[in-house]
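Novice: After the structure tokens below, expect a handful of questions from me.
All of the numbers you see were taken from the coordinates with simple rules; none came from a lab. These figures come from a predicted structure and were not determined experimentally. Methodologically, a virtual Cβ is constructed for each residue, glycine included, from the backbone with ideal geometry; neighbour enumeration extends over all protein chains shown.
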Amino acid sequence: MFDLFPDRTAAFMQRVKKPWIAFKFLAAGSISPSEGFQYAFSKGADFAAVGMFDF
């Protein structure tokens with residue numbers, strides 16, 4: 001499921017003072033890497049975990 005309120009989430013995460021890791025921001029290939037990385041880091045991510053996650 002995609003974030004139902006991405007603008008609210010982004011606004012909140014930009015105010016977080018501790019370093020945080022963006023993950024699953026490419027939405028299983030639904031978002032291109034160039035757009036996904038740009039979005040994640042422009043919204044405050046300090047690091048990005050990229051790859052396949054097996055929960």
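Novice: When you scan the stretch 45-55, how many residues do you find that are surrounded by 11 or more Cβ atoms within 10 Å (Cβ to Cβ), outside any strand (DSSP E or B) and over 9 Å from the mean Cα position of the chain (by Cα)? Before the answer, list the steps.
Specialist: Filtering the stretch 45-55 for residues surrounded by 11 or more Cβ atoms within 10 Å (Cβ to Cβ) gives 45-50.
Narrowing the set further to residues that are outside any strand (DSSP E or B) leaves 45-46, 50.
Now restrict to residues that are over 9 Å from the mean Cα position of the chain (by Cα): 46, 50.
Matching residues across the stretch 45-55 total 2.
Novice: Let me ask something else about it. Quick one: which residue in PHE12, PHE41 is of a type in the set (Phe, Trp, Tyr), surrounded by 10 or more Cβ atoms within 10 Å (Cβ to Cβ) and within 10 Å of the chain's Cα centre (by Cα)? Show your work before the answer.
Specialist: On the way: PHE12 fails: within 10 Å of the chain's Cα centre (by Cα).
Result of the check over PHE12, PHE41: PHE41.
Novice: State the number of residues belonging to the stretch 15-32 that are of a type outside the set (Ser, Thr, Tyr) and surrounded by 10 or more Cβ atoms within 10 Å (Cβ to Cβ). If you could, list the steps in order and put the result at the bottom.
Specialist: Taking the stretch 15-32 and keeping what is of a type outside the set (Ser, Thr, Tyr), we get 15-29, 31.
Okay, now just the ones that are also surrounded by 10 or more Cβ atoms within 10 Å (Cβ to Cβ), so 16, 20-27, 31.
Residues in the stretch 15-32 being of a type outside the set (Ser, Thr, Tyr) and surrounded by 10 or more Cβ atoms within 10 Å (Cβ to Cβ): 10 in total.
Novice: Tell me which residues, restricted to the stretch 16-40, are outside any loop (DSSP other than H, G, I, E, B) and over 22 Å from LEU4 (Cβ atoms).
Specialist: Applying the first criterion (outside any loop (DSSP other than H, G, I, E, B)) to the stretch 16-40 yields 21-23, 27-29, 33-40.
Selection gives PRO33, SER34, PHE37.
Novice: Okay, next question. Pairs only if they're at least six apart or on different chains, beta carbon under 6 angstrom, first in the stretch 27-39 and within 21 Å of GLN14 (Cα to Cα), second assigned to a helix (DSSP H, G or I) and not basic (Lys, Arg); list them, first residue then second.
Specialist: none
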